[in-house]
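Q: Once you've had a glance at the structure underneath, I'll fire off some questions.
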Amino acid sequence: MPQHVQGVIAPGRNEPVRVETIVVPDPGPGEAVVKIQACGVCHTDLHYKQGAINDEFPFLLGHEAAGIVESVGEGVTDVTPGDFVILNWRAVCGTCRACLRGRPWYCFATHNAKQRMTLLDGTELSPALGIGAFAEKTLVAAGQCTKVDPAVAPEVAGLLGCGVMAGIGAAINTGNVGRGDTVAVIGCGGVGDAAIVGSRLAGAAKIIAVDIDDRKLETAKGMGATHTVNSRSTDAVEAIRELTGGFGADVVIEAVGRPETYRQAFYARDLAGTVVLVGVPTPEMKLELPLLDVFGRGGALKSSWYGDCLPSRDFPMLIDLHQQGRIDLAAFVTETIGLGDVEKAFARMHEGDVLRSVVVL
């Protein structure tokens, strides 16, 4: 029988979000219903609300989540009811050309649940990133469920579902940060700070945090940054070069997603260095660079999709490192809130007061 639960929807472009009754169907073949325990408020959810992703309103927001599998549909064998899972938004297909080449983190045919959740009047909802987890329960493709140790607090585990994984993966998987490298991270929100954590974990010798907010820079130091640069008052490129013997950083991670900060990243890297774009731009943004500079500086310009992660490999590993005390995922949780507080959490995000607000159900 379909279930009625409470969930947070974005009804239209830039309209306030609201809590509505959501109809969750029974899981069909390859699907699972998950009882959500915690879901982080991610900047991508704000992009959905603003219509910056697409205009398929109304959206059921929330995607950075952990919970308990309640029921599964026909053919599902990887998870069973009672499993504690982190939800991911890139369920790999296993059969596309990337998967068959042994690169499933690039899967070109990731999938979501085929059925739609609806409002009581039958209006179909578009779940954010195919998840829609600002809800008591949600319907997903079973491949979007990754089992992890249930001893970890849901509000901590769920962060790996998006922002923290994106940042750590941008450093370790995409940027290939290695022992002794110099790294600069531009933008010290949740994703940028996670990139700092990932760089430290990989053995970087120098980690330079760049932001326009001294509060965020102070938090970045607590995450492992060895140096900080306030780019509101200092030229970021010159500061990074000065801190790296005049050369620039081996890896520069851009965690903002704007043309001006990408240019900073491009010119702040050493010759043959790497730029990693993990900040998400909006559709209208354009980038212009002299092609001769692209050629002459060499190296690599990369985009990081979800930290180029493989959830089945990376989620359990990072949970294990957290339990060992080698990374502190709990440090990303600024506050816990209820479903009715999401609109306020968006406002706090704008003000730069939080790394993560986490909805706890």
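The values are calculated or read from the model by the stated rules, or taken from the named source; none is laboratory data. Here the structure is a predicted model, which is why all the values come from computation and not from measurement. Cβ sites come from the backbone with ideal geometry, for glycine too, and all protein chains shown count toward neighbours. All accessible areas refer to the heavy atoms of the entire protein, side chains included, with ligands and DNA or RNA removed. Shrake-Rupley method; radii C 1.70, N 1.55, O 1.52, S 1.80 Å.
Q: Consider the stretch 8-34. How many of its residues are under 21 Å from the mean Cα position of the chain (by Cα) and farther than 17 Å from Leu119 by Cα?
A: Within the stretch 8-34, residues that are under 21 Å from the mean Cα position of the chain (by Cα) and farther than 17 Å from Leu119 by Cα number 1.
Q: Just wondering, is there one or more residues in the stretch 159-176 that are more than 17 Å from Thr261 (Cβ to Cβ), within 22 Å of the chain's Cα centre (by Cα), free of Cβ contacts under 8 Å to residues at least 24 places away in the same chain and open to solvent by 20 Å² or more (accessible area, probe 1.4 Å)?
A: Checked the stretch 159-176: no residue is more than 17 Å from Thr261 (Cβ to Cβ), within 22 Å of the chain's Cα centre (by Cα), free of Cβ contacts under 8 Å to residues at least 24 places away in the same chain and open to solvent by 20 Å² or more (accessible area, probe 1.4 Å).
Q: Next up: Could you grab me the full set of residues in the stretch 299-322 that are surrounded by 21 or more Cβ atoms within 10 Å (Cβ to Cβ) and among the small types (Gly, Ala, Ser)?
A: If the condition is that a residue be surrounded by 21 or more Cβ atoms within 10 Å (Cβ to Cβ) and among the small types (Gly, Ala, Ser), then Ser304, Gly307 are the ones that fit.
Q: Of all residues being more than 25 Å from the chain's Cα centre (by Cα) and open to solvent by 30 Å² or more (accessible area, probe 1.4 Å) in the stretch 72-94, which is farthest from Leu318 (Cα to Cα)? Just the residue, please.
A: Looking at the filtered set, the residue picked out is Glu74.
Q: Among Leu318, Leu287, Leu361, which is at pLDDT 95 or above and over 28 Å from Ala52 (Cα atoms)?
A: Leu318
Q: Looking at the stretch 267-284, which of its residues are out of contact with any Ser or Thr (no Cβ under 9 Å at 6 or more places or on another chain), open to solvent by 50 Å² or more (accessible area, probe 1.4 Å), of a type outside the set (Asp, Glu) and at negative phi?
A: Hits for the stretch 267-284 are Leu271, Pro281, Pro283.
Q: Select, from Arg241, Arg232, Arg215, the only residue that is among the basic types (Lys, Arg) and within 20 Å of Gly299 (Cβ to Cβ).
A: Arg241
Q: Within the stretch 211-231, restricting attention to residues that are charged (D, E, K, R) and within 13 Å of Val191 (Cα to Cα), which residue is least open to solvent (accessible area, probe 1.4 Å)?
A: Asp211
Q: Criterion first (open to solvent by 60 Å² or more (accessible area, probe 1.4 Å), farther than 30 Å from Gln37 by Cα and either not in a helix (DSSP H, G or I) or not charged (D, E, K, R) (or both)) does Arg179 satisfy it?
A: yes
Q: For a quick check of your reading of the model, give me the residue pairs whose first member lies in the stretch 39-62 and is free of Cβ contacts under 8 Å to residues at least 60 places away in the same chain and over 10 Å from Phe134 (Cβ atoms), whose second is open to solvent by 10 Å² or more (accessible area, probe 1.4 Å) and in a loop (DSSP other than H, G, I, E, B), with beta-carbon atoms closer than 6 Å and at least 6 apart or on different chains.
A: Note: pairs meeting the criteria are Gln50/Asn14; Gly51/Arg13.
Q: Would you be able to tell me the number of residues in the stretch 112-145 that are free of Cβ contacts under 8 Å to residues at least 40 places away in the same chain and in a strand (DSSP E or B)?
A: 1
Q: Follow-up. So, Phe266, is that one farther than 25 Å from Leu46 by Cβ, aromatic (Phe, Trp, Tyr) and at pLDDT 95 or above or not?
A: yes
Q: Which of the residues spanning the stretch 98-111 are open to solvent by 50 Å² or more (accessible area, probe 1.4 Å), touching a helix residue (DSSP H, G or I) at 6+ places or on another chain (Cβ under 9 Å), not in a loop (DSSP other than H, G, I, E, B) and not hydroxyl-bearing (Ser, Thr, Tyr)?
A: Trp105, His111 - these are the residues of the stretch 98-111 that are open to solvent by 50 Å² or more (accessible area, probe 1.4 Å), touching a helix residue (DSSP H, G or I) at 6+ places or on another chain (Cβ under 9 Å), not in a loop (DSSP other than H, G, I, E, B) and not hydroxyl-bearing (Ser, Thr, Tyr).
Q: Is one or more of the residues making up the stretch 239-249 farther than 28 Å from Asp314 by Cβ, in contact with a helix residue (DSSP H, G or I) (Cβ under 6 Å, 6 or more places away or on another chain) and either open to solvent by less than 10 Å² (accessible area, probe 1.4 Å) or touching a residue at least 24 places away in the same chain (Cβ under 8 Å) (or both)?
A: yes
Q: Would you check if Ile68 is under 17 Å from Pro127 (Cα atoms) and modelled with pLDDT of 95 or more?
A: Considered against the rule, which asks whether it is under 17 Å from Pro127 (Cα atoms) and modelled with pLDDT of 95 or more, Ile68 comes out as no.
Q: Kindly indicate the residue of the stretch 295-321 that is assigned to a helix (DSSP H, G or I) and aromatic (Phe, Trp, Tyr) and also nearest to Gly190 (Cα to Cα) among those meeting that condition.
A: Tyr306
Q: Is at least one residue of the stretch 228-247 in contact with a Phe, Trp or Tyr (Cβ under 6 Å, 6 or more places away or on another chain), under 17 Å from Leu277 (Cβ atoms) and either not in a strand (DSSP E or B) or not small (Gly, Ala, Ser) (or both)?
A: Within the stretch 228-247, one or more residues are in contact with a Phe, Trp or Tyr (Cβ under 6 Å, 6 or more places away or on another chain), under 17 Å from Leu277 (Cβ atoms) and either not in a strand (DSSP E or B) or not small (Gly, Ala, Ser) (or both).
Q: Next up: I need the full set of residues from the stretch 24-48 which are surrounded by fewer than 23 Cβ atoms within 10 Å (Cβ to Cβ), at pLDDT 95 or above and touching a Gly at 6+ places or on another chain (Cβ under 8 Å), in order please.
A: Correct list: Asp26, Gly28, Pro29, Gly30, Lys35, Gln37.
Q: Would you please name the residue that is nearest to the chain's Cα centre (by Cα), looking only at residues in the stretch 251-262 that are more than 14 Å from Ala195 (Cβ to Cβ) and either of a type in the set (Asp, Glu) or part of a loop (DSSP other than H, G, I, E, B) (or both)?
A: Arg258
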